[in-house]
Amino acid sequence: MKIKFWGVRGSVPTPLKPSSLKSKVSSIVERIRVQDLERGEARELFLASLPDYLFSTVGGNTACIEVAAGDGTHLIFDAGTGIRELGLAILASRKPASCHLFFSHFHWDHIQGLPFFAPAFDPRNDLHFYSPRQDFRSILEGQMREPYFPVTMDEMRASKDFTVLRGGPVRIGETLVDYRAMNHPGGCYSYRIESRGVKVVYSTDTELVAADFAKTADNEAYFRDLDILIIDAQYTLGEAIEKYNWGHSSFSLAADFAATWGIRRLVLFHHDPGYSDRKVGNLLKNAAWYIEHLEGRGIEVLLAREGLELEVGP
């Protein structure tokens, strides 16, 4: 199974500010020594030595991830602004596409990219939409009409169908997709993707509560021994306490949760739009330090970045 991150920010798109770019360049220039410029190899070594917050960016697009299962099935989770870039990549392949798009919920940052998803306007393609909300078709159609947008969903020439999830998981090829409600204002659903023995949960916009840690049969079946958990870790613990019931979690709660359920890889997701690349990177460092002190659990912790690709299993 392959997972690619096309949008990782929460709430609103967060483009890199000119002042932030200037600050990055200034900090890099201050670190350069004469010997770092003498040879091509030296320059490459210098660039490789730079911290991630200087030499790269977390990205500014809102939530969208792509999952390619072992049998070739392609799933998309959420349609934040990151789905635009995904759409351009699909078009560049010049092949007809069958897209299975699952929605966690319908706050703007998770649907605002859908009108710009270019494959939806190509009649060679098939679009399959999924959500547990019975009215989700009208919600999606509602954002694509006047006065919000000049092009309606009727102009999307790809074939479209809308599946309301109810009563249990859905099978797409060899992939089984289950879902469950999580704690977030207005509601939000996580998704559990299983294919050829690989198990992944996508749980954006989640405020973890005591019930999520309870050793119940349902929790055991859904969370135990995941290969990858992609979860909202927008806050520090102090912020999570201050913003109780805002619907997001801290990196430390996410780490505790991963330790509780024996999860192998933890991916911190849904980064705060007010956080710089450096601050988001510090959350990763703090999470890694915290996990090291959880009785040696051996959990690998990663930071969701635009363009990050993960591969696990067959």
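Observations
- Qualifying residue in region 75-82 (condition: in the same structural domain as Lys279 (by TED's automatic domain parsing), in a helix (DSSP H, G or I) and either of a type in the set (Asp, Glu) or touching a residue at least 40 places away in the same chain (Cβ under 8 Å) (or both)): yes
- Every residue from region 38-63 that is on the phi < 0 side of the Ramachandran plot and outside any helix (DSSP H, G or I): Glu38, Arg39, Leu50, Pro51, Ser56, Thr57, Val58, Gly60, Asn61, Thr62, Ala63
- Identity of the residue in region 40-79, at pLDDT below 90 and among the charged types (D, E, K, R), that ends up nearest to Lys4 (Cα to Cα): Asp71
- The residue list Ser250, Ser276 contains one member that is buried (at least 23 other Cβ atoms within 10 Å of the Cβ) and hydroxyl-bearing (Ser, Thr, Tyr), which is Ser250.
- Checking Lys243 against (1) within 27 Å of Gly59 (Cβ to Cβ); (2) surrounded by fewer than 24 Cβ atoms within 10 Å (Cβ to Cβ); (3) touching a helix residue (DSSP H, G or I) at 6+ places or on another chain (Cβ under 7 Å), the condition it does not meet: (3)
- One residue stands out among those in region 260-272 that are of a type in the set (A, V, I, L, M, F, W, C) and in a loop (DSSP other than H, G, I, E, B): the one that is surrounded by the most Cβ atoms within 10 Å (Cβ to Cβ), which is Ile263.
- All positions within region 106-129 that are over 18 Å from the mean Cα position of the chain (by Cα) and of a type in the set (A, V, I, L, M): Ala118, Ala120, Leu127
- When Leu47, Leu54, Leu21 are checked against the criterion of being free of Cβ contacts under 8 Å to residues at least 12 places away in the same chain, touching a helix residue (DSSP H, G or I) at 6+ places or on another chain (Cβ under 7 Å) and either over 30 Å from Asp178 (Cα atoms) or hydroxyl-bearing (Ser, Thr, Tyr) (or both), Leu47 stands alone in meeting it.
- Residues considered: Ser11, Ser26. Of these, the only one that is part of a loop (DSSP other than H, G, I, E, B), modelled with pLDDT of 90 or more and either over 15 Å from the mean Cα position of the chain (by Cα) or surrounded by 14 or more Cβ atoms within 10 Å (Cβ to Cβ) (or both) is Ser11.
- Test: residue in region 21-39 that is among the hydroxyl-bearing types (Ser, Thr, Tyr) and closer than 26 Å to Gln143 by Cβ: no
- Residue that is farthest from the chain's Cα centre (by Cα) [pool: residues in region 210-240 that are of a type in the set (Phe, Trp, Tyr) and surrounded by 20 or more Cβ atoms within 10 Å (Cβ to Cβ)]: Phe223
- Within region 148-163, residues that are on the phi < 0 side of the Ramachandran plot sit with their Cβ atoms under 6 Å from residues that are part of a loop (DSSP other than H, G, I, E, B) and surrounded by 11 or more Cβ atoms within 10 Å (Cβ to Cβ), at 6+ positions apart or across chains, in these pairs: Thr152/Met144; Thr152/Arg145; Met153/Met144; Ala158/Asp122; Ala158/Asn125.
- Asp78 fulfils the conditions (1) charged (D, E, K, R); (2) within 27 Å of Gly59 (Cα to Cα); (3) over 23 Å from the mean Cα position of the chain (by Cα) except for a single criterion, (3).
- Within region 219-236, tally of residues that are farther than 16 Å from Asn183 by Cα and modelled with pLDDT of 90 or more: 8
Residue-by-condition table, conditions (1) assigned to a loop (DSSP other than H, G, I, E, B); (2) at pLDDT 95 or above; (3) over 29 Å from Leu54 (Cβ atoms); (4) not assigned by TED's automatic domain parsing to the domain that holds Pro169:
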residue: Leu208; (1), (2), (3), (4): yes, yes, yes, no
residue: Gly238; (1), (2), (3), (4): no, no, no, no
residue: Asn245; (1), (2), (3), (4): yes, no, yes, no
residue: Ser252; (1), (2), (3), (4): no, no, no, no
residue: Gly274; (1), (2), (3), (4): yes, no, no, no
residue: Asn286; (1), (2), (3), (4): no, no, no, no
residue: Gly296; (1), (2), (3), (4): yes, no, yes, no
residue: Leu302; (1), (2), (3), (4): no, yes, no, no
residue: Pro314; (1), (2), (3), (4): yes, no, yes, yes
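The values are calculated or read from the model by the stated rules, or taken from the named source; none is laboratory data. Note that the structure is predicted; figures quoted are calculated from it, not measured. Please note: Cβ atoms are built from the backbone with ideal geometry, for glycine as well, and neighbour counts cover all protein chains shown.
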